[in-house]
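Note sheet for the following structure.
The values are calculated or read from the model by the stated rules, or taken from the named source; none is laboratory data. In this text the structure is predicted, and so the values were computed from the model without any measurement. Methodologically, a virtual Cβ is constructed for each residue, glycine included, from the backbone with ideal geometry; neighbour enumeration extends over all protein chains shown. Note: areas computed on protein heavy atoms with side chains; ligands, DNA, RNA excluded. Shrake-Rupley method; radii C 1.70, N 1.55, O 1.52, S 1.80 Å.
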Amino acid sequence: MAAPVPIFKLESFPRHEPYTLFYMARLEKLVEEVKGIDDPHAHTFYLLMWIFQGSGTHTIDFKTYTVEANQLYFLTPGQIHSWQLSSDIRGYNLFFDANFFLSRFGNRFYQYPFYHSNQQQPLVSGADRQELFSSVFKQAYLEYEQQQPNRAEVFLSFLHIILETANRLYHQQWPGVDTQLYDRIRQYEELLERQFLTVREVSRYAEQMNLTPNYLNHICKKIVGKTASQLLHERLVVEAKRLLTHTAQSVKEVAYYLGFDDPSYFVRFFRKQTTQTPAEFRQSLFVNR
C-alpha cells in the first residue's frame, strides 16, 4: 500500500527564502527539480498554476481534468493532487500563504469562489485573457527573481491582478454564484473541515451559523444544488478515499478513524455514496494503474 501522502510547505521548495510568504517557479523547472511533485501530494499553502503550453491530466481530490494551454488552476491547503504532464509543458506555479494576501486586501480573499468552496470548479480557461495572464505571470516571475526593493508589495499587486481577473472569468464561465449566500456556503464548509469527524448533525452546524437547519438546506440547494447533509457526506467520502488510497489502514481502521462505530455501517454508507464498497474502491486503484 502507498505511503502516506506527502505534505509540501513553502520551505520544501528549492531557493525558498525563510519567512517569505510567497514562492514562484517555472512549472517545467519545478517538475525537474522537486522529487515526487508529479505524485499525489498536498500543500499547506494556496496555489495558482498557469499553463501556456503543453497537455496532460491533473487530478484533484479524485477528479481528473484535461490539461490544456491557457488554463489557470486553483488549489487550497489540504487538497491532494497529482499530474501527468507532457514533456513540452510550460507555465508558472505561484504559491502563497493566505496571510500574504490578507495583509493588504483583508476579507476580499474569502470572496473568491475558486478558493473557498469544495463545490466550485478548480480552474478557468484564460484563453480570452491569454495576453494579460502571460504578461502578468511573466512580470511577477521577474519581480520574484530580481530581488528589487519592496518586492513583496509589488509581487502582491501582481497576485491581486491575477485573482481579480480570474474572478471575473470564473463568474462568466461558471455563472449562478450568489455572492451573498456563497459566504454562507463558505462558512458551512469551513465548519465541516474542522468538525466533520466528530459532528454529524446538520442542526449543530446550523446552530453555529445562527441559522435554522431548513434555511441552511435552502442555501446549499440554491448555490450548489445539494443538501447540507450531502455536503457532509461528500466530505466524509473524500477523506475515506484519501485514507484508502494513501495509507495502509484496514477498512475497519478507516471506519473507526472517520467516527463510524460499526464498520459494516461504514461499508454500506460508502457503497451508497460511490456504488462501490471500500474494498472494491481500493482494489480498483490497482486495476487502473
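Lys29 is checked against (1) in a loop (DSSP other than H, G, I, E, B); (2) at pLDDT 90 or above and fails just one. What number does that condition carry?
Only one criterion is unmet by Lys29, namely (1).
Would you please list the contacts, defined by Cβ atoms under 8 Å and residues six or more apart or on different chains, that run from a residue in segment 262-282 that is charged (D, E, K, R) to a residue that is open to solvent by less than 30 Å² (accessible area, probe 1.4 Å)?
Asp262/Ala255; Arg271/Thr277; Arg282/Leu244; Arg282/Thr245
Do any residues in segment 7-25 that are more than 14 Å from Asn93 (Cα to Cα) and free of Cβ contacts under 8 Å to residues at least 12 places away in the same chain have Cβ atoms under 8 Å from those of residues that are crowded, with 16+ Cβ neighbours inside 10 Å and among the polar types (S, T, N, Q), where the two are at least six apart or on different chains, and which pairs are they?
none
Can you tell me how many residues in segment 1-54 are open to solvent by 60 Å² or more (accessible area, probe 1.4 Å) and of a type in the set (Phe, Trp, Tyr)?
Counting residues in segment 1-54 that are open to solvent by 60 Å² or more (accessible area, probe 1.4 Å) and of a type in the set (Phe, Trp, Tyr) gives 2.
Could you list, in sequence order, the residues of segment 153-170 that are modelled with pLDDT under 95 and out of contact with any strand residue (DSSP E or B) (no Cβ under 7 Å at 6 or more places or on another chain)?
Those that are modelled with pLDDT under 95 and out of contact with any strand residue (DSSP E or B) (no Cβ under 7 Å at 6 or more places or on another chain): Asn167, Arg168.
Pick out, from segment 122-230, the helices (runs of 4 or more DSSP H) lying fully within it that include 2 or more residues that are of a type in the set (Val, Ile, Thr) and either loosely packed, with under 15 Cβ neighbours inside 10 Å or without any contact (Cβ under 8 Å) to a residue 40 or more places away in the chain (or both).
Working: elements: 130-146, 151-173, 179-195, 202-208, 213-224.
Passing ranges, in order: 151-173.
Quick one: in segment 59-113, of everything that is under 20 Å from His41 (Cβ atoms) and among the charged types (D, E, K, R), which residue is most open to solvent (accessible area, probe 1.4 Å)?
Lys63
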